[in-house]
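Student: Following this message is one structure expressed as structure tokens.
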Amino acid sequence: MTQPPNQPPQGGFGAPQDPPPGGGFGAPQTPPPPPQGPPQPGYGYPQQPPQQPGPYNSGPYASGPYGQPQQPGPYGQPGYGYPPQPQFPGAPGTPPPGGPGSRGSFKGKPAMIIGAAVAALLVIGGTVWAVSGDDGEKDKKPVSQQTDDPKPDGTSGAPVNPGDGSGDGGEDPENLNEGRKAGESQVLWYKEAPDAPGSGAEALGMWITDKTAVKAVYKQLSAYHVGDGKPAWEPITFPHKICSVTPTKTSDDKIVVAHMSGTSDRAKCNRLQLIDLDTGEKGWTEEVAEGALFDSVLSIEMSLAGDTLMVGRSMSGTAYDVTNGKKLFDTKKYGDACFPSGFAGGERLIQVAACGAGGDNEHDELRELDPRTGKVKWTYAYEKGWRVDHTFSVDPVVVHASNQDKDSWNIATFTAGGKVRSQVGVDEDFAPECGWAVLSRSLQSCQAAAVDGDTLYLPTVAAGGANEIVAIGLADGKEEWRVKSPVAESMQPMKVEGGKLIAYVKPSYDSGGQVLAIPTGGSDHKPVKLMQNPQGVADIERDFYSKAVDWVDGRFYISTTRLTGNDESKEKLMLAYGK
């Protein structure tokens, strides 16, 4: 059996513990010799020795979404029953998204965790982006260059075809580009929000191809030409509300949409439909089967791993061939009452399971599955008390976990064989804006984070002003560099293109948002402004309480992911900015 080293991984925060003698899970642990000197805290913080985790008393993991206590489900794990419903804009006590204590940030101390992996015990700790194996050279698209400042234009720059979100279009009731200043981008087009129930409606996903920008809202899927916003194809209306979508698209620009089976309290989220984003053509349809007792399809989570669609129930999962809808395999209960409870896709397929709920061996397990056969490639077991919350990447595998009792979080990077490569050792409050799911785990819901090659990029919490983006090396978990927002507003990483980190700076009350390009190599990481959104639209841009953003081919897209249902608020569904 391979034993972990006695010393912590480079960059780990706090002193790790040796595995229990003989490999027994949960056995007494002997602390190793202390590391040489205290770890280096993050930029701008005084250097102090690490503190021992104390009783949990603060941070978002002390409670469920929006500060309400989570209710344990039938298996004793948080998130396996119905958590409290979130409050939406206007509700009393609603915190600002991404702020301290909200679902958009993780606070507390970075900490080490101990886990058992298949035939070996591994040490894991800190908060970290994981990198595994050889990444190889990936194709990279060039970053769009900033063009000359546009001239102010109060008429000819009016966005076209605003419509109501259903693609019908019409005369522009309001010129969003009126009074646009030199140097500011223009709103190329926008869509007003369609009618929604008074209680609100989900507006899930946003997919951009070379031709179309596609948006799901309530019961409808609509597509617009990226350049002018005109309808690309007739909107698709489903018989019942859309309840889940694949967050990413296939290599040939297709997605899978799930809609409810009806409107009653017993309706299931189980009807799948393949859609071509460029043409609107419908492909195969499938109905997700109900699981065993307590294994519900009232809510599902979907992810794509190559040509495999993974559909996660509350306690199991089913894989389909996304090209034809044929079932590939099921992944169910295994081992010591281990129930699959979340999946993450991409270049690889990652599964999280909750094991031994309510017993001495209660813990979470991380697995990589073959996306075509379901065969287990490796398993990593976390110690009791640690909950796997999110994946920032699946290639390399980078996982965020939290421990409520210790007021601690951990980000670990795994190798291709499932061993811990590094752990983030940066003592910082990060705000990656991660969502949550009702019955299963929403492993791929973090937006404001990026990973590229050997580096993880995370935004810090904005404490009433500018925040920072921190670059963390995945080889050792140490901070490589950080850059501060150029204005007194928070910024978030979106993606890496052509050796530059593309970041979005949120709008203020007197200035529109910005898109920046931050060089990732060398020693100069000074941001270069790619786009300055118009001040005249700042209030609309700022009012996207829950949003999706993207930067594609020199255009910036922003859309809401939740409609309030207030007919008098004149909500916008989506805006596209360009030069």
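The values are calculated or read from the model by the stated rules, or taken from the named source; none is laboratory data. Owing to the predicted nature of the structure, the values given are computational and were not obtained by experimental measurement. Note: ideal-geometry Cβ built from the backbone for every residue, glycine included; neighbour counts use all protein chains shown.
Student: Is one or more of the residues making up the range 404-421 crowded, with 20+ Cβ neighbours inside 10 Å, assigned to a loop (DSSP other than H, G, I, E, B) and at pLDDT 95 or above?
Tutor: Looking through the range 404-421, at least one residue is crowded, with 20+ Cβ neighbours inside 10 Å, assigned to a loop (DSSP other than H, G, I, E, B) and at pLDDT 95 or above.
Student: So, in the range 542-560, how many residues would count as being at pLDDT 95 or above and not in a strand (DSSP E or B)?
Tutor: 2
Student: Right, next: Report, by residue number, each residue of the range 484-510 that is surrounded by fewer than 18 Cβ atoms within 10 Å (Cβ to Cβ) and touching a helix residue (DSSP H, G or I) at 6+ places or on another chain (Cβ under 8 Å).
Tutor: Across the range 484-510, the qualifying residues are Ser508, Tyr509, Asp510.
Student: Additional query: Please work out which residue is farthest from the chain's Cα centre (by Cα), limiting yourself to the range 179-217 and to residues that are farther than 22 Å from Asp278 by Cα and buried (at least 19 other Cβ atoms within 10 Å of the Cβ).
Tutor: Here the answer is Arg180.
Student: So, Ser244, is that one under 27 Å from the mean Cα position of the chain (by Cα) and over 16 Å from Ser559 (Cα atoms) or not?
Tutor: Values: under 27 Å from the mean Cα position of the chain (by Cα): yes; over 16 Å from Ser559 (Cα atoms): yes.
So Ser244 passes the test.
Student: In addition: Out of (1) within 28 Å of Gly346 (Cβ to Cβ); (2) in contact with a Lys or Arg (Cβ under 6 Å, 6 or more places away or on another chain), what's the single condition that is false for Lys219?
Tutor: Status for Lys219: all satisfied but (1).
Student: Here is a follow-up. Taking the options Ala449, Ala353, Ala381, Ala412, name whichever one is farther than 24 Å from Pro247 by Cα, touching a residue at least 12 places away in the same chain (Cβ under 8 Å) and among the aliphatic types (A, V, I, L, M).
Tutor: The match here is Ala381.
Student: Okay, next question. List the strands (runs of 3 or more DSSP E) that sit entirely inside the range 264-332 and contain at least 3 residues that are hydrophobic (A, V, I, L, M, F, W, C).
Tutor: 269-276, 301-305, 308-312
Student: From the set of residues in the range 555-579 that are of a type in the set (Ser, Thr, Tyr) and touching a Ser or Thr at 6+ places or on another chain (Cβ under 6 Å), which is farthest from Gln447 (Cα to Cα)?
Tutor: Within the range 555-579, the match that is farthest from Gln447 (Cα to Cα) is Tyr577.
Student: Continuing with this model, one more query. Looking at (1) closer than 30 Å to Gly356 by Cα; (2) surrounded by 19 or more Cβ atoms within 10 Å (Cβ to Cβ), find the lone condition where Val257 falls short.
Tutor: (1)
Student: Quick check: is even one residue across the range 476-487 hydroxyl-bearing (Ser, Thr, Tyr) and closer than 23 Å to Leu573 by Cα?
Tutor: Taking the range 476-487 and keeping what is hydroxyl-bearing (Ser, Thr, Tyr), we get 485.
Within this subset, residues satisfying the condition of being closer than 23 Å to Leu573 by Cα are none.
The answer is no, given that none of the residues of the range 476-487 is hydroxyl-bearing (Ser, Thr, Tyr) and closer than 23 Å to Leu573 by Cα.
Student: Inside the range 503-523, can you point out the residues that are outside any loop (DSSP other than H, G, I, E, B) and under 22 Å from Gly465 (Cβ atoms)?
Tutor: Answer for the range 503-523, where residues must be outside any loop (DSSP other than H, G, I, E, B) and under 22 Å from Gly465 (Cβ atoms): Ala503, Tyr504, Val505, Gln514, Val515, Leu516, Ile518.
Student: Determine, yes or no, whether Lys526 is among the charged types (D, E, K, R), in contact (Cβ under 8 Å) with a residue 24 or more places away in the chain and not in a loop (DSSP other than H, G, I, E, B).
Tutor: No.
Student: Separate question: Within the range 452-483, can you find the residues that are hydrophobic (A, V, I, L, M, F, W, C), more than 20 Å from the chain's Cα centre (by Cα) and either assigned to a strand (DSSP E or B) or crowded, with 20+ Cβ neighbours inside 10 Å (or both)?
Tutor: Across the range 452-483, the qualifying residues are Trp481, Val483.
Student: Can you tell me which residue within the range 327-380, out of those that are among the hydroxyl-bearing types (Ser, Thr, Tyr) and over 15 Å from Ser316 (Cα atoms), is surrounded by the fewest Cβ atoms within 10 Å (Cβ to Cβ)?
Tutor: Residue satisfying both the conditions and the ranking: Thr373.
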